[in-house]
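Single-structure report; data block below.
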Amino acid sequence: MLKKTVAIGISGGVDSAMAAYLLLQQGYQVVGITMSIWDENIPISESSKSGCFGPGEKDDLIAAKELCAKLGIVHKVIELQGEYRERVLSYFCATYTEGKTPNPCLMCNARMKFGLLPEKAKEQGIEFDYFATGHYVRIGYDESHDRYQLLKAIDVSKDQSYFLSFLGQEQLRNLIFPLGEKTKTEIKQLAREIGFAELAHKKESQDFLESDDIKVLFPEGSYAPGDIIDHQGKLLGRHQGLINFTIGQRRNLGVSGLPEPYFVIQLDAKANRVVLGPKPFLYTSKCTATGVNWLSWPVQTKPFEAQAKIRLQHKAAPCLITPLSSSELMVSFYEEQLSITPGQGLVIYHDDLVIAGGIIDRTGDQV
C-alpha cells in the first residue's frame, strides 16, 4: 500500500519542524511548502521587529529550506505576493479606513495558508493527500451531522483555534494537526532530543508587520486628519488619521490636560472623528458579528448559550447567541466585557469546540 503524502506549511520555526518530524515518524511521505508574500515595493528597508510580513522573509525562506534538508524532505517555495496584497493587505487597509481594527492573521489563515498555499502548490505539480501545519488545534468529526469539527488544543496556553475559525469543511476534511495533542514544552523537548535544539530557543514571531509604522501599507490619500472629541462632544484636538487608533487605546492620543485617564471609546469613520472617554465607557455587554462562518455546527436559527472570545488574549465569556440570519448574529454577554472592538474576530465556543467565527460589527448602544 502506497504511503499517503502530506504537504506541510514550513515556517522555519520549531512548531512546523516538529510537526513535519512527527508526520515522518507516523509513516507519511512529507513535502515542505512555504509561501513567499513579501513585496519589495513596500518601503520597509530594514526590519525593526519580528513579523510575518517584511523583508526578513528572505532569512525565513533560507531557514525553512535548511530545516527541510535536515529533515530529509523536499522543500518548495510558493510565490503569492500578488494574492497576499489583494486578499490580506487590501482587507487590512480597508478595515482601518472604515474606523475598525482588522485582524490580518484571521484572513491570512483562511485565505492564504489554508486556501491558496495548498491550492497553488497542487497547480504547480506538487501531489499530496493531506495538508498539515504546526498549529496547536485538534480536529474532530460529528457523525450525526457528517461534519468535521475544530477543537482547542490540549495545551490551552498555546491554543490557536481562534485564528482558524474561518476555515471550511472542505479544508478541515484534508487537514492534519500533529501538535494538537502535544504541549509546547513537549515539542521543545522533542526538538532538543532529535538535534534541533537551536529551534527550541529561537524567538517566535508574534506580530503581523516587521515595522511599527503601518502607514507604509496605505495608499496615498486613503486617510485624512480629523477631530478628536470627548464623550460629551468637546473638541480636544486633531488626529492625523483614524488608522493610528483602535478601541481601548490609551497612549499616543495626541492630547493633554485631560481630567483623568482617557481611552479611545469610538472611531467615527463617517465624521472622521476619534472619540475619547473614561475607562467605564469601554465596557459593554452586546455586539453583533457579520460574515459568520458556521464551522463545527450547522447554521443555527434559534438562540443558544455558549462562550465567546472577542480577541486572542480574551478569555471566552459566557453569553447568549441570537442568530439574525445565516451570516449575522448578536452576542449578549452575561457580564460586561472590556473593549469589544469592531473589525476584530469574534469566535464562539462550546467548551473546547469552535462553533463559529465572525467579524465584530456593532457594539453597545449601536446594537
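Loop only per DSSP, at most 11 neighbouring Cβ atoms within 10 Å: give me the GluC sites (Glu not before Pro) in segment 121-195, ordered by residue number.
Of the GluC sites (Glu not before Pro), the ones in loops of segment 121-195 whose Cβ has at most 11 other Cβ atoms within 10 Å are 127.
Take the alpha-carbon centre of segment 116-152, take the same for segment 320-367, and report the distance between them in whole Å.
After rounding, the separation between the Cα centres reads 26 Å.
Please list 128-141, 343-356, 51-64 highest first by mean number of surrounding beta-carbon atoms within 10 Å per residue. Please list the in-between numbers first.
Working: 128-141: 19.9, 343-356: 21.9, 51-64: 18.3.
Listed from highest to lowest mean packing, they are 343-356, 128-141, 51-64.
Straight distance only, please: which lysines reach the Cα of residue 3 with their own Cα at less than 23 Å, same-chain residues fewer than 8 apart left out?
Counting by Cα, and skipping residues close in sequence, residue 3 has these lysines nearby: 70, 76, 120, 122.
Determine the calculated [θ] at 222 nm for the chain from helices alone, applying -39500 (n - 2.57) to every DSSP H run no shorter than 4 residues and normalising by the residue count; nearest 500 deg cm²/dmol.
Mean residue ellipticity, 222 nm, calculated: -5000 deg cm²/dmol.
Which whole-number percentage describes the relative contact order of the chain, with Cα contacts under 8 Å and a sequence gap of 6 or more?
With pairs under 8 Å counted, the relative contact order is 16 percent.
In whole Hz, what ³J(HN,Hα) sequence does segment 4-11 give by Karplus (6.51, -1.76, 1.60; θ = phi - 60°), x for Gly and Pro?
Result, rounded to whole Hz: 6, 9, 10, 8, 10, x, 10, 9.
What is the local net charge at residue 283, summed over the other residues whose Cβ is closer than 13 Å to its Cβ (Lys, Arg +1; Asp, Glu -1)?
Values: positive: 279, 286; negative: 335, 336, 365.
Net charge around residue 283: -1.
Would you mind working out the magnitude of the charge dipole of the chain relative to its Cα centre, with +1 at each Lys and Arg C-beta and -1 at each Asp and Glu C-beta, to the nearest 20 Debye?
Roughly 300 debye for the chain.
Determine, for 126, 187, 44, the number of other Cβ atoms within 10 Å of each Cβ, and report the residues in order from fewest to most.
Ordered from fewest to most neighbouring Cβ atoms within 10 Å, 126, 187, 44 come out as 126, 44, 187.
Over the Cα atoms of segment 124-257, what radius of gyration and what Dmax do you get, in Å?
Cα radius of gyration and Dmax of segment 124-257 are 22.6, 63 Å respectively.
By a straight-distance test (C-alpha under 16 Å), which aspartates and glutamates pair with residue 4 as possible cross-link partners, with residues fewer than eight away in the same chain excluded?
The reachable aspartates and glutamates, counting only those whose Cα sits under 16 Å from residue 4, are 127, 129.
Check cross-link reach from residue 286 to the lysines: straight Cα distance under 19 Å, and skip same-chain residues fewer than eight apart.
Leaving aside lysines fewer than 8 places away in the same chain, those within reach of residue 286 are 100, 302, 309, 315.
Mind sorting out which of (1) 62, 42, 37; (2) 72, 52, 37; (3) 62, 58, 36 is the real Cα extents along the principal axes in Å computed from the coordinates?
Label of the calculated value: (2).
Rule-based calculations on the coordinates, nothing more; no lab input. Keep in mind that this is a model prediction, so the values were computed, not measured. Note: ideal-geometry Cβ built from the backbone for every residue, glycine included; neighbour counts use all protein chains shown.
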